[in-house]
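Quick notes on the structure that follows.
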Amino acid sequence: MFNDLPDVLTVEELQAALSIGRSTAYRLIQSGQILHLRIGKNIKIPRRYLVDYIETACYNNSVAINPSSQGG
């Protein structure tokens, strides 16, 4: 799903990937919901951390689709 993203994202790329604003992106980072690396003053988000966040968010919010509810 996110294979077209770079291996390490900037905050701006994170915003685009999740379709979120700047303040939301920084809030997710600062709260620790999205793990990150700080290199000097720069924040970098490995793609794996983004995928982990999405998987965790879906699991915690019960967003996963129940296969038995699918028609067919």
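All of the numbers you see were taken from the coordinates with simple rules; none came from a lab. Quick caveat, the model's predicted, so the values are computed rather than measured. A quick note on method: Cβ atoms are made from the backbone with ideal geometry, for glycine too, and the neighbour counts reach across all protein chains shown.
Using only alpha carbons, build the gyration tensor for segment 1-40 and give me the equivalent ellipsoid semi-axes, biggest first, whole Å. Don't jump to the answer; show the numbers that get you there.
On the way: eigenvalues 52, 35, 16 Å².
Largest first, segment 1-40 gives 16, 13, 9 Å.
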Separation of the Tyr26 and Thr56 label points, Cα + 7 Å toward Cβ, nm: 2.1 nm
Formal net charge of residues neighbouring Ile43 (Cβ-Cβ distance under 13 Å; K, R +1; D, E -1): +3
